[in-house]
Amino acid sequence: MKKVLTIAGSDIFAGGGLQADLATFSQLDTAGLAAVTCLTTVREQFELHPIAASLVGEQLASLAAVDLAAIKLGLLLTEETVMETKKFLETKSVPIVTDPVFAFKESKNWREDGLARAIVTELLPLTTITTPNLAEAEILAEMSITSTADMKKAAVKIRHLGPEVVVIKGGDRLPGKQAIDLIYDGTFTFLEEEKLPQKTVNGAGCTFAAAIAAEIAKGATPKTAVVFAKKFVYGAIRQGYFVSEGFGNVWPNGFKKEEESL
């Protein structure tokens, strides 16, 4: 059994974060391990609570002897945690999938935000595949993205920051009926699927990146892993469920359920 580590935050609703990662790893026949970087609470508002970076480092040190096949990075939240993560990654020669989750996206310039700057300078050079959504890609590329031509320009800029493969998730922000993602590994490949009406999307990005990591751990090429992950997350969205009125999670079991019904 291939072992895949997620270094990510905990989602109190369990649709995203390390909970989504572990569920996805399990569905894709890999063994998941997890190092927790932060906790979430929701009362009057959504809040993030970082785990002390030293404790994150202790978690990672506890996994030093584990034979990992891939590592997936999610929300790291603080610059100190980024540095602890970097130290660990430098001891492992395995594919790394970085979902560049920025806690705050108000800035359009990664140099102006400490967390974004740390991710770019310390982690992207170690990354095999990075999977920014449009908002994150705009920060990384320092440009507005309103078209597929813009996506291509942004992907080139982001790849210059270090990752071997850039996947920009178009989601529902681009006009038209198609949800368009772009893979850039030196050549451009667009993936298109019809936009889904379902609002059960909490955790979609985490699930997508986790599916890529699991498939790569089993030996898939980056492009093959991304193509599969898009289908996987679509099933997870279609079969998602509502936690409360208007707020729904993806369900990683959804893809297998749909496959079994064919």
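The values are calculated or read from the model by the stated rules, or taken from the named source; none is laboratory data. Quick caveat, the model's predicted, so the values are computed rather than measured. Neighbour counts run over all protein chains shown; Cβ positions are idealised from the backbone, glycine included. The area values use the complete protein model at the heavy-atom level, side chains included, leaving out ligands, DNA and RNA. Shrake-Rupley method; radii C 1.70, N 1.55, O 1.52, S 1.80 Å.
Before moving on, here are some points about what is shown:
- Residue in region 184-191 that is loosely packed, with under 14 Cβ neighbours inside 10 Å, assigned to a loop (DSSP other than H, G, I, E, B) and either under 14 Å from the mean Cα position of the chain (by Cα) or at pLDDT 95 or above (or both) present: yes
- Residue within region 89-100 that is over 15 Å from Gly203 (Cα atoms), assigned to a loop (DSSP other than H, G, I, E, B), out of contact with any Leu (no Cβ under 6 Å at 6 or more places or on another chain) and aliphatic (A, V, I, L, M) present: no
- Sole residue being in contact (Cβ under 8 Å) with a residue 24 or more places away in the chain and either more than 21 Å from Phe228 (Cα to Cα) or acidic (Asp, Glu) (or both), chosen from Leu182, Leu191, Leu161: Leu161
Rundown of residues vs (1) acidic (Asp, Glu); (2) without any contact (Cβ under 8 Å) to a residue 24 or more places away in the chain, yes/no style:
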position: Thr6; (1), (2): no, no
position: Ser10; (1), (2): no, no
position: Asp21; (1), (2): yes, no
position: Ala31; (1), (2): no, no
position: Thr41; (1), (2): no, no
position: Glu47; (1), (2): yes, yes
position: Ser54; (1), (2): no, no
position: Ala69; (1), (2): no, no
position: Leu77; (1), (2): no, no
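- Scanning region 146-178 for residues that are at pLDDT below 95 and buried (at least 20 other Cβ atoms within 10 Å of the Cβ) yields one hit, Gly170.
- Test: residue in region 116-139 that is open to solvent by 20 Å² or more (accessible area, probe 1.4 Å) and at positive phi: no
- Condition check for Thr24: more than 18 Å from the chain's Cα centre (by Cα) and under 21 Å from Ala14 (Cβ atoms): no
- Those residues of region 38-78 which are crowded, with 17+ Cβ neighbours inside 10 Å, part of a helix (DSSP H, G or I) and not aliphatic (A, V, I, L, M), in sequence order: Gly57, Gln59
- Among the residues of region 215-235, just one is more than 17 Å from Ala179 (Cβ to Cβ), touching an Asp or Glu at 6+ places or on another chain (Cβ under 8 Å) and among the hydrophobic types (A, V, I, L, M, F, W, C), namely Ala225.
- Residue satisfying condition, being farther than 14 Å from Ile183 by Cα, touching a Phe, Trp or Tyr at 6+ places or on another chain (Cβ under 6 Å) and of a type in the set (Gly, Ala, Ser), within set Ala116, Ala141: Ala116
- Of the residues making up region 209-262, those that are in a strand (DSSP E or B) and either surrounded by 18 or more Cβ atoms within 10 Å (Cβ to Cβ) or among the hydroxyl-bearing types (Ser, Thr, Tyr) (or both) are Tyr241, Ser244, Gly248, Asn249.
- Complete set of residues in region 79-88 that are touching a Ser or Thr at 6+ places or on another chain (Cβ under 9 Å) and open to solvent by 10 Å² or more (accessible area, probe 1.4 Å): Glu80, Glu84
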